[in-house]
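The structure appears below as structure tokens.
The values are calculated or read from the model by the stated rules, or taken from the named source; none is laboratory data. Just so you know, these numbers come straight off a predicted model, no measurement behind them. Glycine also receives a Cβ, built like all others from the backbone with ideal geometry; neighbour counts cover every protein chain displayed. The accessibility values were calculated without ligands, DNA or RNA, using every heavy atom of the protein model including side chains. Shrake-Rupley method; radii C 1.70, N 1.55, O 1.52, S 1.80 Å.
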Amino acid sequence: MVLVSLIGLVLLVVFSGCATIQQPPATSETGEKPTSSSIEPQATHGVLRVGIDAAYQPFSMVGPDGKATGFDVDSMKWIAKDQGFEVEFIPIAWDGIIPALQAGKIDLVYAGMTITDERKEKVAFSKPYWTVNQMVVVKEGSPITLDQVKNGSVTIGTQRGCTAAIWIDENLVNKSLMPADNLKLYDNTPLAVDDLISGRIDAVMYDSTVMNDIIAGKPVQKIGMVETNEEFGIAVRKDDTELLEKLNAGLDKLMASPDWEALKQKYKME
């Protein structure tokens, strides 16, 4: 009797370990349950973690409620729904966003990232989806001109790691037109604009589409544009070719859809 009981107990343990518990389907970022056509890609990618800049309006930002929003965020939701995967948005400091992607902490960057040769050495980019130049602003009533900014005779602030900082470093600091100390770097551009208004710096340079949103209602004036014609792309790890194909396919469909124009109008894109 004891032997039979022991055998029965062993069999119970073995077969219990083989049972599969069915989990309910996960909800998407928009709260919708995935359809049968959206389940298969999740076996490869699961919930994709999208790195964003939390203060890069109108492309990406995080509201007081902690939710991500913006042109890039809404575009990513559209593409994810179209291509059959789920997404979550993770704000990351801009100068650490590519290292986070390379380390596997996020799966892609969709946050107005300029496609550059230097970045191409580290990540793969989707096809371009937006083009910007660098806008220069000064405090309202300031006599500073765009020529003074371009010849390096003023103190300029911008976001650390952004293409404005790269342009200033390459074209002004490295050419000895401006002392390195006259380039002031900030965690985000709104902080630079605050210092501009306080009189701590002379000018701020940043992506044109974003700058319009940052300076709205503030005692700041535009003095011109540095023509860089930068193209934005979605960044992924170089070996993630399947994901890149899905993102490109989704971008093609979105940009050909009326929803693309609706998003541009929603976020007042220029």
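Listing for the model above:
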item	result
Among (1) open to solvent by less than 30 Å² (accessible area, probe 1.4 Å); (2) charged (D, E, K, R); (3) within 15 Å of the chain's Cα centre (by Cα); (4) over 14 Å from Met113 (Cβ atoms), the one test that Asp72 misses	(4)
So Glu230, is it under 30 Å from Asp169 (Cβ atoms), among the charged types (D, E, K, R) and touching a residue at least 40 places away in the same chain (Cβ under 8 Å)	yes
In the range 119-141, the residues that are open to solvent by 30 Å² or more (accessible area, probe 1.4 Å) and hydroxyl-bearing (Ser, Thr, Tyr)	Thr131
Strands (runs of 3 or more DSSP E) completely within the range 156-270 that count 2 or more residues being open to solvent by 50 Å² or more (accessible area, probe 1.4 Å) and at pLDDT below 95	220-236
Residue that is nearest to Thr241 (Cα to Cα), among those in the range 98-118 that are surrounded by fewer than 22 Cβ atoms within 10 Å (Cβ to Cβ) and either among the small types (Gly, Ala, Ser) or under 9 Å from the mean Cα position of the chain (by Cα) (or both)	Gly104
